[in-house]
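The values are calculated or read from the model by the stated rules, or taken from the named source; none is laboratory data. The structure displayed is predicted, hence computed values, not measured ones. Here the Cβ positions follow ideal geometry from the backbone for every residue, glycine too, while neighbour counts run over all protein chains shown.
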Amino acid sequence: MTILDQNYFDIALLILCSLFIGFIITPASIWLAKKLDIIDYPGRTARHIHKKPTPPGGRDCDHAFPVGNDPVESALASC
Amino acid sequence: MLSLSVMILLNRLWHHVEILWIFIPAIVIFSFGLWDDKHGMEAPVKLVGQLLAITILMFFDVRVKFLESSSFFIQLNGTLAYWADIFITYLWMVGITNAFNMVDSMDGLAIGLCEIISAFFFFLSMVSGQSSLAYFSAIIFGVSLSAAFYNRRPAKMFLGDSGAQGLGFMLAAAAIIYHPKVFSQASSWFSPIMFFSVPIFDTSLVTISRMLRGLPFYKANLDHTYHRLVALGWDQNRAVAIMQIGGIVFGLVSICVIYLPPFTANMIFVIWIIIFVALIYLLERTFTTFNPNQKNS
């Protein structure tokens with residue numbers, strides 16, 4: 001017998017509950033990241049392509065992303 | 001990670017020891033990642049953190065064991081099989097953890113892949129009756145679905161090293177814990193590998209490409225799969241969507257494959273490798289054509 005036979009309602013509830021908690025906790029972590037200055041500023045690494053400083057928890061000020069002549073960078077900087 | 005912790009506490013899931021075995025070392029990965037997000041961290045220090053977390057994971061006996069299994073088609077002697085399994089565990093965990101970190105450069109991509117992979121694990125663990133893994137994947141699926149809302153383009157947040165490495169680590173460990181008792185191990189040993197097709201492909205592509213161009217493979221660069229697709233003229237959303245569709249297709253194939261006899265299943269895995277090599281060759285060739293200045297720079 002699989003757990004699907006036993007308590008699929010519990011599993012569905014667990015997914016919905018995770019979704020709900022995620023919706024509440026994520027803005028809280030965005031707020032916390034801003035407070036703690038855990039923000040990824042443009043140009044810190046070449047891999048991250050955000051136009052504005054975007055933390056693992058929030059959007060902040062308006063630094064422009066340095067766009068060079070690279071066609072990949074130019075295309076991505078529009079995001 | 002915060003949402004996951006709340007969910008585990010709220011639902012008292014610490015009774016499922018397998019979840020704790022994964023979650024405790026994941027906290028180590030998260031902590032190193034958080035430090036990296038805040039202050040930056042050299043690659044070797046990050047690797048030390050990952051090795052520490054994997055060692056803790058193995059302390060809880062969560063490790064690859066297929067070479068020690070009597071039902072596997074390769075049989076090695078006891079000690080050699082043990083150490084080979086230990087080595088494969090380190091390789092798998094470090095590889096997938098970093099692969100997830102690497103794909104977290106495009107809005108919605110890493111979190112979308114996380115949703116897809118956790119959904120596949122959820123389905124498979126329900127079929128094989130592994131309740132702990134089913135609960136764990138259900139939570140990761142739900143939490144990633146909500147995080148995807150905030151990570152959609154233009155992103156209000158992104159996973160960062162802490163989130164991406166943490167999720168990658170937990171999913172890689174989930175792949176080890178997954179034991180399809182109802183299926184032959186000779187047919188199912190590579191199905192978790194195929195679930196992670198997109199991160200594995202992207203990491204292989206950039207590693208091979210950078211080595212060919214004489215660049216250090218661990219240095220961040222705009223040469224990932226989606227960067228190459230965008231350079232080919234694809235819309236950014238389309239590039240992300242095609243990679244996620246690729247993840248779904250390969251995941252579905254891997255689910256079908258476990259029902260096949262071992263020889264046929266392993267032949268499909270060989271075809272999967274050939275497709276990967278061909279795609280790497282094609283993308284590398286078009287990339288150096290579009291970006292001649294990237295070559296040997």
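What is the residue count in segment B:9-48 for residues that are assigned to a helix (DSSP H, G or I) and either more than 22 Å from residue B:63 (Cα to Cα) or small (Gly, Ala, Ser) (or both)?
Summing the residues that are assigned to a helix (DSSP H, G or I) and either more than 22 Å from residue B:63 (Cα to Cα) or small (Gly, Ala, Ser) (or both) in segment B:9-48 gives 14.
Which condition from (1) more than 7 Å from every other protein chain (Cβ to nearest Cβ); (2) part of a loop (DSSP other than H, G, I, E, B) is the one that residue B:167 breaks?
(2)
Of everything in segment B:83-105, what is of a type outside the set (A, V, I, L, M, F, W, C) and more than 14 Å from chain A (Cβ to nearest Cβ)? Give them in sequence order.
B:85, B:89, B:90, B:95, B:97
Kindly indicate whether any position in segment B:240-261 is within 14 Å of another protein chain (Cβ to nearest Cβ), modelled with pLDDT of 85 or more, surrounded by 17 or more Cβ atoms within 10 Å (Cβ to Cβ) and part of a helix (DSSP H, G or I).
Yes, there is a match, as at least one residue in segment B:240-261 is within 14 Å of another protein chain (Cβ to nearest Cβ), modelled with pLDDT of 85 or more, surrounded by 17 or more Cβ atoms within 10 Å (Cβ to Cβ) and part of a helix (DSSP H, G or I).
Results for (1) under 12 Å from residue B:104 (Cα atoms); (2) without any contact (Cβ under 8 Å) to a residue 40 or more places away in the chain; (3) of a type in the set (S, T, N, Q), shown as yes or no for each residue.
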residue	(1), (2), (3)
B:140	no, no, no
B:149	no, yes, no
B:165	yes, no, yes
B:169	no, no, no
B:176	no, no, no
B:180	no, no, no
B:183	no, no, no
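Can you tell me which residue among B:21, B:35 is within 11 Å of chain A (Cβ to nearest Cβ) and either closer than 26 Å to residue A:29 by Cα or surrounded by 13 or more Cβ atoms within 10 Å (Cβ to Cβ) (or both)?
Within the list B:21, B:35, the selection yields B:35.
Only one residue in B:113, B:80 is part of a helix (DSSP H, G or I), within 18 Å of residue A:22 (Cβ to Cβ) and more than 14 Å from chain A (Cβ to nearest Cβ). Which one?
After applying the criteria, what remains is B:113.
Which condition does residue B:85 not pass, out of (1) under 21 Å from residue B:220 (Cα atoms); (2) in contact with a helix residue (DSSP H, G or I) (Cβ under 6 Å, 6 or more places away or on another chain); (3) not hydrophobic (A, V, I, L, M, F, W, C), if it passes all the others?
Going through (1) under 21 Å from residue B:220 (Cα atoms); (2) in contact with a helix residue (DSSP H, G or I) (Cβ under 6 Å, 6 or more places away or on another chain); (3) not hydrophobic (A, V, I, L, M, F, W, C) one by one, residue B:85 breaks only (1).
For segment B:202-239, give me the residue count where each residue is within 21 Å of residue B:153 (Cβ to Cβ) and assigned to a helix (DSSP H, G or I).
Number of matching residues: 12.
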